[in-house]
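Working notes, beginning with the structure itself.
Each reported figure results from applying straightforward, stated rules to the coordinates on display, with no laboratory input. Just so you know, these numbers come straight off a predicted model, no measurement behind them. Neighbour counts are summed over all protein chains in view; Cβ atoms, including those assigned to glycine, are modelled from backbone coordinates with ideal geometry.
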Amino acid sequence: MKRVVIAGGGYGGLRAVEKLAQNDNLEVVLIDANSYHFMQTEVYGYIAGNRYIDELAVDLSLWCEGFKNGKVRFIQDRIVGLNPKEKELVLSDLKIEYDYLIIATGAKTRFPDSIKGLREYSFGVKRLDRAFGFRHRFEEAIKRKLDGDSKKVDIAVIGAGLSGVEVAAEMGYMLKRYKKMLGGHTGEIKVTLYDACETILPGMNDSIIDASVKRVKNLGIEIVTSAYIKEVSSDKIYFENAKSRDYTFMIFTGGILGNSEFAPKHFEKNFIEQLKVTSTLNIKDHGEIFAIGDVAEILDQHGQQLPPTAQIAEQSAEYCAKAIEADIKGDKIGPFKGKMYGIFIALGGRYAAAEILGFNISGITAYFLKKVITLVYFLGIDLRANTGFKIRSKKMV
Ligand SMILES: Cc1cc2nc3c(=O)[nH]c(=O)nc-3n(C[C@H](O)[C@H](O)[C@H](O)COP(=O)(O)OP(=O)(O)OC[C@H]3O[C@@H](n4cnc5c(N)ncnc54)[C@H](O)[C@@H]3O)c2cc1C
């Protein structure tokens with residue numbers, strides 16, 4: 001029986017497990033540093049206090065127990081090295097051998113060293129503990145305002161890509177709601193969205209940008225574009241043009257860095273530490289090692305890099321599962337043909353903007369479409385975790 005080791009229990013890793021676990025001739029092992037799968041795509045709602053923790057985190061060992069006959073083994077440990085010659089992955093506590101390895105370790109927030117103080121004073125959103133810290137600060141600010149504190153609260157969101165806009169919009173929406181219900185000083189909390197580009201959502205189409213700018217402004221959020229930040233102190237943002245702004249707390253969503261530090265030196269990487277892969281998503285000269293999702297630089301058929309999204313992570317995972325099954329049979333499959341089918345941006349409350357198969361929509365319709373996609377994903381994960389919970393409870397009786 002061949003063993004497939006999947007490094008990372010994010011969107012790509014879980015989809016790979018689901019596909020490979022259907023094959024009775026494979027042993028599947030999932031490894032993650034955390035005990036839970038973190039649904040980053042829903043983090044904006046959690047930060048703003050509009051979602052609960054069980055709507056964006058699922059216990060990975062329960063989820064793995066949900067597969068029949070204990071088919072999937074979960075190991076919670078940090079991957080610290082990889083010996084391709086010996087075909088073994090090095091964890092902090094043990095080494096595990098593989099026949100095939102899928103690297104799906106995702107990415108972390110990239111805090112540019114050129115901005116002094118940024119790493120020290122800002123929160124990222126790609127880790128649950130950081131999101132938790134920010135949510136706590138946000139709720140604390142609201143509580144203080146409710147108690148009558150008149151001190152200024154300025155929340156800075158740095159980086160107006162998809163995640164920055166979603167986080168800012170949801171906070172703006174919640175603040176508007178609180179203002180109505182709680183009154184007093186709660187309406188004085190201000191959210192500002194900063195980006196170095198000339199527009200928010202750089203790279204997206206004009207229709208999405210226009211709908212998002214309109215909505216974000218309606219929610220009372222200030223947009224500051226062409227904002228080149230030089231330095232950040234505990235309460236001030238300093239710009240290249242010698243101007244500065246006060247802030248109370250800050251979230252940074254300006255970029256990503258692939259989680260590939262454990263990979264051997266000879267594995268090629270791009271400038272943001274993503275592993276370079278072949279057209280079949282393999283590490284060069286290693287047909288048995290795949291890299292998928294945010295940790296990989298994945299190109300489309302025209303040689304353009306595909307964006308780091310859950311959508312591409314899942315498509316690349318499905319491809320790897322097929323490639324591994326074909327390889328075992330002595331077959332080969334063609335190159336990976338990843339494609340973005342659409343993009344959704346949650347813009348606070350029941351409002352979203354989307355581009356689906358070339359059509360642009362915004363408002364409540366886009367919101368409900370996004371909600372359906374999220375629900376389908378969540379229900380799939382939840383069902384499996386529930387089965388795991390039942391199996392475990394029976395064992396304990
Ligand atoms: C606010 C926000 C909104 C987003 N919205 C969307 C959206 O609407 N649509 C969309 O398609 N995408 C969206 N994304 C992007 C999407 O979340 C990512 O592209 C996706 O999570 C990538 O999946 P992945 O499997 O590659 O990595 P991840 O989901 O990041 O999972 C990686 C896993 O690897 C584990 N890991 C990392 N390093 C190690 C190690 N050394 N040892 C052991 N385990 C390790 C981590 O703990 C983690 O569980 C959004 C992202 C954010 C932050």
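For the peptides 255-266, 104-115, residues were scored by their other Cβ atoms within 10 Å and the scores averaged per peptide; the highest-first order is 104-115, 255-266. Considered as an equivalent ellipsoid built on the Cα gyration tensor, segment 1-155 has semi-axes of 38, 19, 11 Å, the largest given first.
Ranking of 316, 92 by neighbouring Cβ atoms within 10 Å, starting from the fewest: 92, 316. Relative to its Kirkwood radius, the Cα radius of gyration of segment 85-132 gives an Rg/Rh of 1.17. Listed by chain and number, the aspartates and glutamates whose alpha-carbon sits under 17 Å from that of residue 143, ignoring those within fewer than 8 places in the same chain, are 154, 188.
Based on DSSP H segments of at least four residues, each scored -39500 (n - 2.57), the chain has a per-residue ellipticity at 222 nm of -10500 deg cm²/dmol. Ordering 233, 4, 262 by Cα displacement along the dipole of the chain toward the positive end leaves 233 in first place; charges were set at the Cβ atoms of Lys, Arg (+1) and Asp, Glu (-1). Each residue in 325, 170 was given a count of other beta-carbon atoms within 10 angstrom of its own, and listing them fewest first yields 325, 170. The packing ranking of peptides 332-340, 41-49, highest mean first, is 41-49, 332-340, where packing means the average number of other beta carbon atoms within 10 angstrom of each residue. For segment 118-252, a crude dipole built from +1 on the beta carbon of Lys and Arg and -1 on the beta carbon of Asp and Glu, taken about the Cα centre, is about 440 debye to the nearest 20. In the chain, inverting the average of 1/r over every pair of distinct C-alpha atoms gives 22.3 Å as the Kirkwood radius. Below 8 Å, C-alpha to C-alpha, sequence gap of six or more: please give me the relative contact order for the chain in percent. RCO, the chain: 20 percent.
Bridge orientation summary for the chain: considering DSSP beta bridges with both residues in this region, about 50 percent are antiparallel. For residue 390, a cut-off of 27 angstrom between C-alpha atoms picks up these lysines, skipping any fewer than 8 places away in its own chain: 19, 68, 71. For the set 126/176; 95/276; 152/179; 217/243; 145/190, the pairs lying more than 19 angstrom apart at their alpha carbons are 126/176; 95/276; 217/243. Taking Cα centre as origin and charging only the Cβ of basic (Lys, Arg, +1) and acidic (Asp, Glu, -1) residues, the dipole magnitude of the chain rounds to 920 debye. Under the membrane-span-like helix rule (DSSP H runs whose alpha carbons stretch at least 20 Å along the helix axis, mean Kyte-Doolittle hydropathy -0.5 or higher), the chain yields 162-182, 310-328, 364-396.
On a per residue basis, the convex hull of the C-alpha atoms belonging to segment 88-178 measures out at 170 Å³. By the Stokes-Einstein formula, at 1.567 mPa s and 4 °C, segment 118-252 with its Kirkwood radius over alpha-carbon pairs has D equal to 85 µm²/s.
Ranked by the mean number of other Cβ atoms within 10 Å per residue, highest first, peptides 162-169, 293-300 order as 162-169, 293-300.
Kirkwood hydrodynamic radius of segment 244-354, from the reciprocal of the average inverse Cα-Cα distance over all distinct pairs: 16.1 Å. With viscosity 1.002 mPa s and temperature 20 °C, the Kirkwood radius over alpha carbon pairs of segment 215-277 converts through Stokes-Einstein to a diffusion coefficient of 141 µm²/s.
This ranking places 197, 64 by how few other beta-carbon atoms lie within 10 Å of each, fewest first, which gives 197, 64.
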